[in-house]
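Asker: Got a structure for you, written out below as C-alpha coordinates; questions coming shortly.
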There are 2 protein chains.
Amino acid sequence: MCGSFRRTARALTSFYQEALWPLGLRATQLTILQALSRTGEVSQGRLGEILAMDSTSLTRTLAIMRRRGWIAVRRGEDQRERLLRLSRGGAAKLKRVTPVWDGVQARLRGKLGERGWKNLLRLTNQVTEWTTAQAGSL
Amino acid sequence: MCGSFRRTARALTSFYQEALWPLGLRATQLTILQALSRTGEVSQGRLGEILAMDSTSLTRTLAIMRRRGWIAVRRGEDQRERLLRLSRGGAAKLKRVTPVWDGVQARLRGKLGERGWKNLLRLTNQVTEWTTAQAGSL
DNA sequence: CCTCTATAGATGTATATACATCCAACTCAG
DNA sequence: CTGAGTTGGATGTATATACATCTATAGAGG
(Lines give C-alpha, C1' and ligand atoms only; values in the text may rest on other atoms or scores of the structure.)
Protein backbone atom coordinates (compact mmCIF):
# COMPACT_ATOMS: atom_id res chain seq x y z
CA MET A 1 0.00 0.00 0.00
CA CYS A 2 2.81 2.35 0.87
CA GLY A 3 4.56 1.60 -2.39
CA SER A 4 1.31 1.98 -4.26
CA PHE A 5 0.70 5.39 -2.76
CA ARG A 6 4.20 6.57 -3.42
CA ARG A 7 3.99 5.41 -6.98
CA THR A 8 0.66 7.12 -7.56
CA ALA A 9 1.93 10.28 -5.91
CA ARG A 10 4.82 10.32 -8.39
CA ALA A 11 2.58 9.67 -11.38
CA LEU A 12 0.01 12.20 -10.28
CA THR A 13 2.62 14.85 -9.53
CA SER A 14 4.12 14.45 -12.94
CA PHE A 15 0.65 14.62 -14.52
CA TYR A 16 -0.31 17.88 -12.81
CA GLN A 17 3.15 19.31 -13.01
CA GLU A 18 3.41 18.98 -16.76
CA ALA A 19 0.82 21.74 -17.04
CA LEU A 20 2.35 23.78 -14.24
CA TRP A 21 5.92 23.62 -15.47
CA PRO A 22 5.76 26.67 -17.74
CA LEU A 23 4.41 28.66 -14.80
CA GLY A 24 7.52 27.95 -12.75
CA LEU A 25 5.77 26.44 -9.78
CA ARG A 26 6.15 23.02 -8.16
CA ALA A 27 3.33 20.92 -6.82
CA THR A 28 4.53 21.25 -3.24
CA GLN A 29 4.75 24.99 -3.57
CA LEU A 30 1.25 25.29 -4.95
CA THR A 31 -0.03 23.13 -2.14
CA ILE A 32 1.51 25.53 0.33
CA LEU A 33 0.02 28.55 -1.41
CA GLN A 34 -3.39 26.88 -1.31
CA ALA A 35 -3.03 25.97 2.34
CA LEU A 36 -2.03 29.49 3.33
CA SER A 37 -4.88 30.90 1.31
CA ARG A 38 -7.32 28.77 3.24
CA THR A 39 -5.90 29.20 6.71
CA GLY A 40 -4.63 32.75 6.69
CA GLU A 41 -1.66 33.39 8.93
CA VAL A 42 -0.30 30.23 10.57
CA SER A 43 2.85 29.13 12.30
CA GLN A 44 5.31 26.90 10.52
CA GLY A 45 4.66 24.07 12.94
CA ARG A 46 0.93 24.24 12.40
CA LEU A 47 1.39 24.26 8.64
CA GLY A 48 3.51 21.16 8.98
CA GLU A 49 0.68 19.43 10.81
CA ILE A 50 -1.81 20.41 8.15
CA LEU A 51 0.40 19.05 5.40
CA ALA A 52 1.52 16.02 7.42
CA MET A 53 5.06 17.19 6.85
CA ASP A 54 8.00 17.60 9.17
CA SER A 55 8.02 21.28 10.06
CA THR A 56 11.78 21.51 9.70
CA SER A 57 11.46 20.23 6.15
CA LEU A 58 9.29 23.22 5.47
CA THR A 59 12.17 25.53 6.34
CA ARG A 60 13.89 24.85 3.02
CA THR A 61 10.82 25.06 0.80
CA LEU A 62 9.63 28.20 2.56
CA ALA A 63 13.03 29.80 2.02
CA ILE A 64 12.66 29.25 -1.72
CA MET A 65 9.15 30.65 -1.74
CA ARG A 66 10.19 33.66 0.28
CA ARG A 67 12.99 34.38 -2.16
CA ARG A 68 10.42 34.38 -4.94
CA GLY A 69 8.26 36.78 -2.99
CA TRP A 70 5.28 34.49 -2.56
CA ILE A 71 5.05 34.38 1.20
CA ALA A 72 5.68 36.78 4.05
CA VAL A 73 6.97 35.82 7.47
CA ARG A 74 6.96 37.56 10.81
CA ARG A 75 7.69 36.64 14.41
CA GLY A 76 4.74 35.71 16.57
CA GLU A 77 3.95 36.89 20.04
CA ASP A 78 5.92 33.84 21.01
CA GLN A 79 9.20 34.98 19.53
CA ARG A 80 10.19 31.45 18.56
CA GLU A 81 7.33 31.11 16.13
CA ARG A 82 7.41 32.07 12.45
CA LEU A 83 4.01 33.20 11.28
CA LEU A 84 3.44 32.64 7.58
CA ARG A 85 1.01 34.22 5.18
CA LEU A 86 0.57 34.77 1.45
CA SER A 87 2.22 37.91 0.22
CA ARG A 88 0.52 40.01 -2.42
CA GLY A 89 2.70 38.35 -5.04
CA GLY A 90 1.85 34.90 -3.72
CA ALA A 91 -1.85 35.59 -3.86
CA ALA A 92 -1.47 36.83 -7.44
CA LYS A 93 0.54 33.76 -8.40
CA LEU A 94 -2.06 31.49 -6.87
CA LYS A 95 -4.81 33.28 -8.76
CA ARG A 96 -2.97 32.91 -12.05
CA VAL A 97 -2.15 29.24 -11.55
CA THR A 98 -5.46 28.03 -10.16
CA PRO A 99 -7.37 27.82 -13.48
CA VAL A 100 -4.61 25.75 -15.06
CA TRP A 101 -4.46 23.44 -12.08
CA ASP A 102 -8.23 23.11 -11.99
CA GLY A 103 -8.25 22.23 -15.66
CA VAL A 104 -5.88 19.32 -15.11
CA GLN A 105 -7.85 18.26 -12.10
CA ALA A 106 -11.09 18.30 -14.07
CA ARG A 107 -9.61 15.92 -16.62
CA LEU A 108 -8.75 13.43 -13.92
CA ARG A 109 -12.05 13.90 -12.19
CA GLY A 110 -13.89 13.22 -15.41
CA LYS A 111 -11.92 10.04 -15.87
CA LEU A 112 -12.56 8.77 -12.35
CA GLY A 113 -16.18 9.85 -12.16
CA GLU A 114 -17.79 11.61 -9.20
CA ARG A 115 -18.17 8.45 -7.17
CA GLY A 116 -14.58 7.32 -7.57
CA TRP A 117 -13.26 10.82 -7.03
CA LYS A 118 -15.07 11.35 -3.74
CA ASN A 119 -14.29 7.87 -2.58
CA LEU A 120 -10.64 8.37 -3.23
CA LEU A 121 -10.49 11.71 -1.44
CA ARG A 122 -12.33 10.28 1.52
CA LEU A 123 -10.13 7.21 1.76
CA THR A 124 -6.85 9.08 1.39
CA ASN A 125 -7.82 11.57 4.04
CA GLN A 126 -8.90 8.77 6.33
CA VAL A 127 -5.54 7.07 5.89
CA THR A 128 -3.68 10.30 6.55
CA GLU A 129 -5.60 10.97 9.72
CA TRP A 130 -5.27 7.51 11.11
CA THR A 131 -1.61 6.99 10.33
CA THR A 132 -0.81 10.44 11.66
CA ALA A 133 -2.64 9.66 14.87
CA GLN A 134 -0.67 6.43 15.24
CA ALA A 135 2.68 8.14 14.95
CA GLY A 136 4.96 7.28 17.82
CA SER A 137 2.43 5.02 19.48
CA LEU A 138 4.50 1.87 19.05
CA MET B 1 -6.09 15.47 -5.30
CA CYS B 2 -2.41 15.72 -6.02
CA GLY B 3 -1.78 17.43 -2.70
CA SER B 4 -3.94 14.88 -0.96
CA PHE B 5 -1.97 12.00 -2.42
CA ARG B 6 1.36 13.55 -1.64
CA ARG B 7 0.25 14.21 1.91
CA THR B 8 -0.98 10.67 2.38
CA ALA B 9 2.19 9.27 0.83
CA ARG B 10 4.22 11.20 3.42
CA ALA B 11 2.04 10.09 6.31
CA LEU B 12 1.98 6.50 5.16
CA THR B 13 5.71 6.39 4.53
CA SER B 14 6.39 7.68 8.00
CA PHE B 15 3.95 5.13 9.43
CA TYR B 16 5.57 2.14 7.74
CA GLN B 17 9.04 3.48 8.10
CA GLU B 18 8.87 3.84 11.83
CA ALA B 19 8.91 0.06 12.05
CA LEU B 20 11.51 -0.31 9.35
CA TRP B 21 13.93 2.24 10.72
CA PRO B 22 15.84 -0.12 13.02
CA LEU B 23 16.36 -2.44 10.04
CA GLY B 24 18.19 0.27 8.13
CA LEU B 25 15.98 0.19 5.08
CA ARG B 26 13.96 2.93 3.41
CA ALA B 27 10.51 2.55 1.94
CA THR B 28 11.74 3.18 -1.59
CA GLN B 29 14.46 0.62 -1.20
CA LEU B 30 12.10 -2.03 0.06
CA THR B 31 9.78 -1.31 -2.82
CA ILE B 32 12.65 -1.95 -5.20
CA LEU B 33 13.59 -5.19 -3.47
CA GLN B 34 9.98 -6.34 -3.72
CA ALA B 35 9.75 -5.37 -7.37
CA LEU B 36 12.94 -7.21 -8.27
CA SER B 37 11.79 -10.22 -6.34
CA ARG B 38 8.60 -10.34 -8.39
CA THR B 39 10.08 -9.62 -11.79
CA GLY B 40 13.44 -11.31 -11.68
CA GLU B 41 16.13 -9.69 -13.79
CA VAL B 42 14.98 -6.45 -15.44
CA SER B 43 16.54 -3.45 -17.06
CA GLN B 44 16.72 -0.17 -15.22
CA GLY B 45 14.37 1.45 -17.70
CA ARG B 46 11.76 -1.25 -17.31
CA LEU B 47 12.00 -1.00 -13.52
CA GLY B 48 11.39 2.71 -13.83
CA GLU B 49 8.21 2.05 -15.79
CA ILE B 50 7.01 -0.44 -13.22
CA LEU B 51 7.56 2.04 -10.40
CA ALA B 52 6.34 5.03 -12.42
CA MET B 53 9.68 6.62 -11.71
CA ASP B 54 12.19 8.38 -13.94
CA SER B 55 14.78 5.76 -14.74
CA THR B 56 17.63 8.18 -14.23
CA SER B 57 16.38 8.84 -10.73
CA LEU B 58 16.86 5.17 -10.08
CA THR B 59 20.56 5.49 -10.80
CA ARG B 60 21.22 7.12 -7.42
CA THR B 61 19.06 4.82 -5.33
CA LEU B 62 20.43 1.76 -7.08
CA ALA B 63 23.97 2.94 -6.39
CA ILE B 64 23.18 3.03 -2.68
CA MET B 65 21.63 -0.40 -2.77
CA ARG B 66 24.51 -1.81 -4.72
CA ARG B 67 26.95 -0.44 -2.18
CA ARG B 68 25.01 -2.27 0.52
CA GLY B 69 25.15 -5.44 -1.48
CA TRP B 70 21.44 -5.86 -2.05
CA ILE B 71 21.37 -5.89 -5.81
CA ALA B 72 23.58 -7.13 -8.60
CA VAL B 73 23.98 -5.49 -11.97
CA ARG B 74 25.32 -6.70 -15.29
CA ARG B 75 25.32 -5.49 -18.87
CA GLY B 76 22.64 -6.85 -21.15
CA GLU B 77 23.04 -8.19 -24.63
CA ASP B 78 22.40 -4.59 -25.56
CA GLN B 79 25.47 -3.13 -23.93
CA ARG B 80 23.68 0.05 -22.99
CA GLU B 81 21.31 -1.73 -20.67
CA ARG B 82 21.87 -2.41 -17.00
CA LEU B 83 20.15 -5.62 -15.95
CA LEU B 84 19.23 -5.65 -12.27
CA ARG B 85 18.48 -8.49 -9.94
CA LEU B 86 18.39 -9.25 -6.25
CA SER B 87 21.71 -10.39 -4.90
CA ARG B 88 21.84 -13.12 -2.30
CA GLY B 89 22.16 -10.44 0.39
CA GLY B 90 19.22 -8.53 -1.02
CA ALA B 91 17.02 -11.59 -1.00
CA ALA B 92 18.02 -12.29 2.61
CA LYS B 93 17.32 -8.70 3.59
CA LEU B 94 13.93 -8.83 1.94
CA LYS B 95 13.10 -12.04 3.75
CA ARG B 96 14.06 -10.56 7.11
CA VAL B 97 12.13 -7.34 6.57
CA THR B 98 8.96 -8.72 5.06
CA PRO B 99 7.29 -9.94 8.28
CA VAL B 100 7.82 -6.56 9.95
CA TRP B 101 6.44 -4.74 6.94
CA ASP B 102 3.49 -7.10 6.69
CA GLY B 103 2.73 -6.53 10.36
CA VAL B 104 2.46 -2.79 9.87
CA GLN B 105 0.41 -3.34 6.77
CA ALA B 106 -1.98 -5.63 8.63
CA ARG B 107 -2.64 -2.91 11.20
CA LEU B 108 -3.64 -0.47 8.49
CA ARG B 109 -5.62 -3.09 6.64
CA GLY B 110 -7.56 -3.91 9.77
CA LYS B 111 -8.34 -0.26 10.26
CA LEU B 112 -9.56 0.26 6.71
CA GLY B 113 -11.42 -3.02 6.39
CA GLU B 114 -11.24 -5.37 3.43
CA ARG B 115 -13.61 -3.34 1.33
CA GLY B 116 -11.85 -0.02 1.83
CA TRP B 117 -8.44 -1.63 1.38
CA LYS B 118 -9.28 -3.22 -1.94
CA ASN B 119 -11.08 -0.14 -3.13
CA LEU B 120 -8.11 2.01 -2.33
CA LEU B 121 -5.64 -0.26 -4.07
CA ARG B 122 -7.84 -0.47 -7.12
CA LEU B 123 -8.37 3.29 -7.32
CA THR B 124 -4.73 4.20 -6.79
CA ASN B 125 -3.60 1.77 -9.46
CA GLN B 126 -6.23 3.08 -11.81
CA VAL B 127 -4.99 6.62 -11.27
CA THR B 128 -1.40 5.58 -11.81
CA GLU B 129 -2.21 3.81 -15.04
CA TRP B 130 -4.31 6.57 -16.46
CA THR B 131 -2.06 9.47 -15.56
CA THR B 132 0.96 7.55 -16.81
CA ALA B 133 -0.79 6.86 -20.11
CA GLN B 134 -1.59 10.57 -20.44
CA ALA B 135 2.02 11.65 -20.00
CA GLY B 136 3.17 13.88 -22.82
CA SER B 137 -0.18 13.81 -24.58
CA LEU B 138 -0.89 17.51 -24.10
C1' DC C 1 32.04 0.20 -43.77
C1' DC C 2 30.36 4.93 -42.47
C1' DT C 3 27.31 8.37 -40.95
C1' DC C 4 22.87 9.83 -38.83
C1' DT C 5 19.70 9.28 -35.56
C1' DA C 6 17.59 7.08 -31.63
C1' DT C 7 17.93 4.99 -27.05
C1' DA C 8 19.82 3.50 -22.12
C1' DG C 9 21.95 5.24 -18.51
C1' DA C 10 25.25 8.58 -16.05
C1' DT C 11 25.91 13.07 -14.37
C1' DG C 12 24.82 18.02 -13.09
C1' DT C 13 21.68 20.66 -10.68
C1' DA C 14 17.50 21.83 -8.16
C1' DT C 15 13.75 20.72 -5.16
C1' DA C 16 11.45 17.56 -1.60
C1' DT C 17 11.74 15.34 2.57
C1' DA C 18 13.27 13.18 6.96
C1' DC C 19 15.89 12.71 11.32
C1' DA C 20 19.52 14.36 14.60
C1' DT C 21 21.21 18.07 16.74
C1' DC C 22 21.64 22.82 18.02
C1' DC C 23 20.12 27.46 19.68
C1' DA C 24 16.91 30.64 21.44
C1' DA C 25 12.81 31.63 23.74
C1' DC C 26 9.26 30.06 26.76
C1' DT C 27 7.47 27.79 31.27
C1' DC C 28 7.28 26.45 35.58
C1' DA C 29 8.83 24.80 40.10
C1' DG C 30 11.00 26.53 44.02
C1' DC D 1 14.02 35.77 40.09
C1' DT D 2 16.58 31.40 38.72
C1' DG D 3 17.71 27.05 36.93
C1' DA D 4 15.68 22.78 34.55
C1' DG D 5 13.13 21.13 31.21
C1' DT D 6 10.28 22.04 26.92
C1' DT D 7 9.33 23.70 22.43
C1' DG D 8 9.77 26.24 17.67
C1' DG D 9 12.70 26.50 14.09
C1' DA D 10 17.46 26.46 11.83
C1' DT D 11 21.12 23.70 10.24
C1' DG D 12 23.82 19.39 8.97
C1' DT D 13 23.46 15.34 6.49
C1' DA D 14 21.31 11.64 3.83
C1' DT D 15 17.95 9.90 0.66
C1' DA D 16 14.26 10.66 -3.04
C1' DT D 17 13.08 12.53 -7.23
C1' DA D 18 12.86 15.22 -11.59
C1' DC D 19 14.61 17.40 -15.85
C1' DA D 20 18.54 18.77 -18.97
C1' DT D 21 22.40 17.33 -20.91
C1' DC D 22 26.14 14.22 -22.05
C1' DT D 23 28.17 9.68 -23.50
C1' DA D 24 28.24 5.24 -25.40
C1' DT D 25 26.01 1.96 -27.99
C1' DA D 26 22.44 0.34 -31.38
C1' DG D 27 20.30 0.31 -35.62
C1' DA D 28 19.15 2.08 -40.36
C1' DG D 29 20.50 3.69 -44.80
C1' DG D 30 23.62 4.47 -48.31
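Asker: In segment B:26-74, how many are assigned to a helix (DSSP H, G or I), away from chain A (no Cβ under 12 Å) and either open to solvent by 30 Å² or more (accessible area, probe 1.4 Å) or not hydrophobic (A, V, I, L, M, F, W, C) (or both)?
Answerer: 14
Asker: Condition test on A:THR132, is it polar (S, T, N, Q) and more than 7 Å from chain B (Cβ to nearest Cβ)?
Answerer: Values: polar (S, T, N, Q): yes; more than 7 Å from chain B (Cβ to nearest Cβ): no.
For A:THR132, the condition - polar (S, T, N, Q) and more than 7 Å from chain B (Cβ to nearest Cβ) - is not met.
Asker: I'm trying to understand the selection: among the residues of segment B:89-138, which are open to solvent by 30 Å² or more (accessible area, probe 1.4 Å) and in contact (Cβ under 8 Å) with a residue 40 or more places away in the chain?
Answerer: Those that are open to solvent by 30 Å² or more (accessible area, probe 1.4 Å) and in contact (Cβ under 8 Å) with a residue 40 or more places away in the chain: B:ALA91, B:ARG96, B:VAL100, B:GLY103, B:GLN105, B:THR132.
Asker: Let me ask another. State the number of residues belonging to segment A:75-112 that are of a type in the set (S, T, N, Q), more than 19 Å from A:GLN44 (Cβ to Cβ) and away from every other protein chain (no Cβ under 11 Å).
Answerer: So the first thing to find is which residues in segment A:75-112 are of a type in the set (S, T, N, Q), and the list is A:79, A:87, A:98, A:105.
Filter once more, so that each one left must be more than 19 Å from A:GLN44 (Cβ to Cβ): A:98, A:105.
Checking the rest, the ones that are also away from every other protein chain (no Cβ under 11 Å) come to A:98.
Residues meeting the conditions: 1.
Asker: Another question about this same structure. So, in segment A:2-25, of the ones that are at the interface with chain B (Cβ under 7 Å from one of its Cβ atoms) and farther than 15 Å from B:THR131 by Cα, which residue ends up surrounded by the fewest Cβ atoms within 10 Å (Cβ to Cβ)?
Answerer: Checking each candidate, the answer is A:GLY3.
The values are calculated or read from the model by the stated rules, or taken from the named source; none is laboratory data. On a predicted model such as this, the values are computed, not experimentally measured, just so you know. Note that we place each Cβ from the backbone using ideal geometry, even for glycine, and neighbour counts take in every protein chain shown. Side chains are part of the model used for accessible areas, which takes the heavy atoms of the whole protein and leaves out ligands, DNA and RNA. Shrake-Rupley method; radii C 1.70, N 1.55, O 1.52, S 1.80 Å.
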